[in-house]
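The values are calculated or read from the model by the stated rules, or taken from the named source; none is laboratory data. Quantities reported herein were computed from a predicted structural model and do not represent experimental measurements. So basically every Cβ, Gly included, is an ideal-geometry build from the backbone, and we count neighbours across all protein chains shown.
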Amino acid sequence: MSRFRLLPVSGNAKIRVGILGGTFNPAHEGHRYISLEAIKHLNLDYVVWLVSPQNPLKSEDVKGSLNTRVEIAENTKHSNKIIVSDIEKYFKNNFTANSINRIKKMHRNVEFVWLMGADNMMQIHKWYQWKQIFRQSYVAVFDRFSFGIKVNKSKAANIFPSHKMLNYGNVTNFKNKNWCFFKIRQNPISSTQIRSKLKYEKSK
């Protein structure tokens, strides 16, 4: 696939695609679960795991190399509807707003949906040009730990209109709304926990 394309379809394809961004350090079952739920409830053709070289909000280097993280993600997805991409390494920076803008230019007829956990919804107002994320794509927020009950109090929720909170419902029409919240089964796994476990096992 060309580095200037993200999807295994032509640039003119009219499909709906979710984007789940992050360092995926490492990818795990929680990422896969959210992706499959998004495919089902948002009527997505694909979900792209956008593996970032570095989290712009964190100054420390990502310990796992990009190639290693991509390889682990490929071995974790277990679905041909999930596409692993390291395309951000070709961008000048990997701010989410900029990445979405670049990706939309590559696939002009694709309807993109930004996927994220409720914890990110609570802090998205700290992201670079964060309002552009909601203006450029529909945003689907998934329950995560105790953050779900706070989502409607977030700065973003006070600015952008949403579909009502959904308990395994479907959203097929994004018109006149910018985002929705899905209350889903909680998956206790996190990348931080996996890294801590691996570090502990290596120290024994």
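Among all residues of segment 128-136, there is at least one that is surrounded by fewer than 21 Cβ atoms within 10 Å (Cβ to Cβ) and in contact (Cβ under 8 Å) with a residue 60 or more places away in the chain. Can you pull out every residue in segment 71-93 that is at pLDDT below 95 and among the β-branched types (Val, Ile, Thr)? Within segment 71-93, 87 is the sole residue that qualifies. Against the test of being more than 20 Å from residue 142 (Cα to Cα) and not polar (S, T, N, Q), the options 29, 88, 111, 37 yield a single qualifying residue, 88. Among residues of segment 26-45 that are on the phi > 0 side of the Ramachandran plot, those with a beta-carbon under 9 Å from a residue that is of a type in the set (D, E, K, R) and surrounded by fewer than 19 Cβ atoms within 10 Å (Cβ to Cβ) at least six positions away or on a different chain give the pairs 43/16. If the condition is being buried (at least 19 other Cβ atoms within 10 Å of the Cβ) and within 17 Å of the chain's Cα centre (by Cα), then segment 98-107 contributes 99, 100, 103.
I'd like the full set of residues that are modelled with pLDDT of 85 or more and touching a helix residue (DSSP H, G or I) at 6+ places or on another chain (Cβ under 8 Å), limited to segment 163-178. Across segment 163-178, the qualifying residues are 171, 178.
Would it be correct to say that residue 184 is out of contact with any Lys or Arg (no Cβ under 8 Å at 6 or more places or on another chain) and over 19 Å from residue 17 (Cα atoms)? When the stated conditions are applied, residue 184 passes them.
The residue that is surrounded by the most Cβ atoms within 10 Å (Cβ to Cβ), counting only those in segment 33-59 that are small (Gly, Ala, Ser) and either within 17 Å of residue 15 (Cβ to Cβ) or in contact with a His (Cβ under 7 Å, 6 or more places away or on another chain) (or both), is 35. Residue 76 meets each of the listed conditions (1) in contact with a Lys or Arg (Cβ under 7 Å, 6 or more places away or on another chain); (2) more than 23 Å from residue 171 (Cα to Cα); (3) not in a helix (DSSP H, G or I); (4) not acidic (Asp, Glu) apart from (3). Note on segment 93-152: enclosed helices (runs of 4 or more DSSP H) holding 1 or more residues that are touching a Gly at 6+ places or on another chain (Cβ under 6 Å) and farther than 27 Å from residue 12 by Cα are 118-123.
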